[in-house]
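Only the coordinates and a few stated rules stand behind these numbers; no lab work does. Note that this is a predicted model, so its numbers are computed, not measured. Using ideal geometry, Cβ is built from the backbone for each residue, glycine included, and neighbour counts are taken over all protein chains shown.
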Amino acid sequence: MVCSKGSHGRKINLPVSHGVYPDDRPVLTASDNSDRNIPYFGVCGGRCDGEIITLQAENGGTVSGKKCRPSPGLWQNTQKDARAAMPLLTTDSFVVCRGGGRIAFESSGQAD
């Protein structure tokens, strides 16, 4: 996943399963919008108030600035499913961070 204001892509975390396994894979729901699920995205180009960090950029150089600590709102473009208590996330789901970024998936993350 990526944040439009962050310098680095990341993977979403699912520390506890919701108990729903379509195709034998755990699902993510609209409730997965905390810092336990969404890691930081490197250096923020938006309105984050994180500490100043320096990281190796994805292109090999370095990048410095405020740490991109997401403060997400509610997931949009979710899908209702009778098997889950909360709407499910899809590859079209996104959340807007209070720092001004749009956090979205680049792929399903489900390797075959």
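Counting beta carbons within 10 Å around each of T54, T90 and listing the fewest first gives the order T54, T90. Only the Cβ atoms of Lys and Arg (+1) and of Asp and Glu (-1) were treated as charged; on that basis the dipole of the chain about its Cα centre amounts to roughly 420 debye. Restricted to Cα atoms, the chain shows a radius of gyration and a Dmax of 14.8, 47 angstrom.
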